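Remarks on the structure that follows.
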Amino acid sequence: MFKVIAVTNRKLCEVDFMEQVKRLGEAGISGIILREKDLPPQEYKELALKVLECLKEFSVPCILHSHIDVAKELGQYAIHMSFPSFLKQKEFCKEFRTGVSVHSAEEAKEAEKSGASYLVAGHIFRTDCKKGLAPRGLTFLQEVADAVSIPVYAIGGIHSGNIEKVKQTGCAGCCIMSGAMKGSREVLASYKDFS
């Protein structure tokens, strides 16, 4: 089943962040990666507790980002990391279901070999989140998916108008940040049509 996963960036929200998280839960999104990379551990933990509590009602999984100690403290054994962070901390990641962001087929192979559970590959299409950087495109996504046997999720500029092209690569799903953080209830609900 093709999964649509939201990646958070509270600074993009046009409504209260927790209200947007609730909307994602109501929409039946496949999961949420709580990114919020600017927060120090204690603030991240406080936000994570609120998000986990909110999503419980909807049975939507929440994957914490980078903060291994916070994840352990909260009994959450799914974590997402950048490729460099993962390589530095791969020994600590063995007890987690670990996702890793990659930007080449070589990184994908290395992450899989080092114990990653899934990969997020990007950025696929042009996006404001990566202003001035050329997108890597669908051929790149296909190369990453073909290079590994673990699930690969696409990220970067994905929306309802191009999501079908992503599905055609055979990847496990996609991650959406801007659309997830700015989307209305109707837009968020429409993502369910693609899973």
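Taken together, the values in this text are just the output of simple stated rules run on the coordinates, not laboratory data. Remember, it's a predicted structure, so these values are computed and weren't measured experimentally. Because the Cβ atoms are built from the backbone with ideal geometry, glycine has one as well, and the counts that use them run over all protein chains shown.
Order of Tyr191, Tyr118, Tyr77 from fewest to most other C-beta atoms within 10 Å?
Tyr77, Tyr118, Tyr191
Here the 3J(HN,Hα) profile of segment 153-158, calculated from phi with Karplus coefficients 6.51, -1.76 and 1.60 at θ = phi - 60°, is 10, 8, 9, x, x, 8 Hz, Gly and Pro shown as x. Summing Lys, Arg as +1 and Asp, Glu as -1, what charge do residues with Cβ under 12 Å from the Cβ of Lys113 carry, Lys113 excluded? Local net charge: -2. The Cβ shell under 15 Å around Glu46 holds other residues with a net charge of -3, Lys and Arg each +1, Asp and Glu each -1.
Checked against a 24 Å cut-off, the cross-linked pairs Lys88/Lys192; Lys131/Lys182; Lys88/Lys109 give Cα-Cα distances beyond that limit for Lys88/Lys192. Amide H contacts of Gly183 (H built 1.01 Å from N, in plane; Pro and chain starts excluded): no residue 5 or more places away or on another chain comes under 5 Å. For segment 114-155 versus segment 73-106, the inter-centroid distance based on Cα atoms is 16 Å. Taking amide H positions as modeled 1.01 Å from N, with prolines and chain starts lacking one, the residues under 5 Å from His80 and 5 or more places away or on another chain are Leu64, His65, Ser66, Gly99. In order along segment 31-42, the phi-based Karplus estimate (6.51 cos²θ - 1.76 cosθ + 1.60, θ = phi - 60°) of 3J(HN,Hα) comes to x, 9, 9, 7, 6, 6, 5, 7, 7, x, x, 5 Hz; Gly and Pro are listed as x.
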